[in-house]
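The values are calculated or read from the model by the stated rules, or taken from the named source; none is laboratory data. From a predicted model like this one, the values you see are computed outputs, not experimental measurements. Glycine gets a Cβ as well: all are built from the backbone with ideal geometry, and neighbour counts include every protein chain shown. Accessible surface is based on the protein model in full, side chains and every heavy atom, while ligands, DNA and RNA are left aside. Shrake-Rupley method; radii C 1.70, N 1.55, O 1.52, S 1.80 Å.
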Amino acid sequence: MYCSNCGTDAGQASFCPNCGTSLFGVKPSGNVENFNLITAYKSMFKKYAQFNGRSRRSEYWLASVMNMIIVMAFYFIMFIPMMIDITNNGEPSGLTAGIMGIFGLLIFAYAMAILVPSLAMSVRRLHDTGRSGWFLLLNLIPYIGGIIIFVFSVLDSQPGANQYGPNPKGL
């Protein structure tokens, strides 16, 4: 069992060996972080490769939405020159192809930059629902795996502390 106040592993004790908090019937008094698009995105990078602990639904989904917005902006900017070329003379020029190639590389670089933080955040989200991070391997099963992980990611937090740490909601 984990202490809801400081997160220390207390084993089967009635009181936390670190801070002395009763482990039964006491709600934590710590800060509960409220997320918006920017704070959730920053939080994803602050916890860059932290695969332990728990992530709230709001942190996970707001960071995911911010990632989608950034990638869609890259794609939108990438295809503007092509749309201009097609409306002017019917086919893209060499300059347009070069611009699209550069933005393609930027999208690839961004995907590599967020790979580890996204995986870590997904593992922490699974931990919040009481599941092991190894469940992410279900994504390797076509169609079904992605649906299962989606369902797990929209489930509410497991109440109280679990084997992965205290509840980030402060319950």
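Compared with the direct C-alpha span, the chain from Ala73 to Leu138 gains 20.5 nm at full extension, assuming 0.36 nm per residue. Sorted largest first by accessible area at a 1.4 angstrom probe radius, with every protein chain in place, the residues Phe152, Phe79 fall in the order Phe79, Phe152.
Rolling a 1.4 Å probe over the protein heavy atoms leaves Asp156 with an accessible area of roughly 80 Å². When the Cα gyration tensor is reduced to axis lengths a ≥ b ≥ c, the ratio a/c is 1.5 or higher for the stretch 30-171, and with a/b above b/c it is classed as prolate. Subtracting the Cα-Cα distance of Phe51 and Leu105 from their residue separation scaled by 0.36 nm leaves 16.7 nm. For Ile141, the solvent-accessible surface computed with a 1.4 Å probe is close to 80 Å², ligands and nucleic acids excluded.
By a 1.4 Å probe calculation restricted to protein chains, Phe74 has an accessible surface near 50 Å², given to the nearest 10. Charged neighbours of Leu136, selected by a Cβ distance under 13 Å, balance to +3 (K, R count +1; D, E count -1). Distant-in-sequence amide contacts of Thr129, defined by a placed amide H-H separation under 5 Å and a gap of 5 or more residues or a different chain, comprise Gln158.
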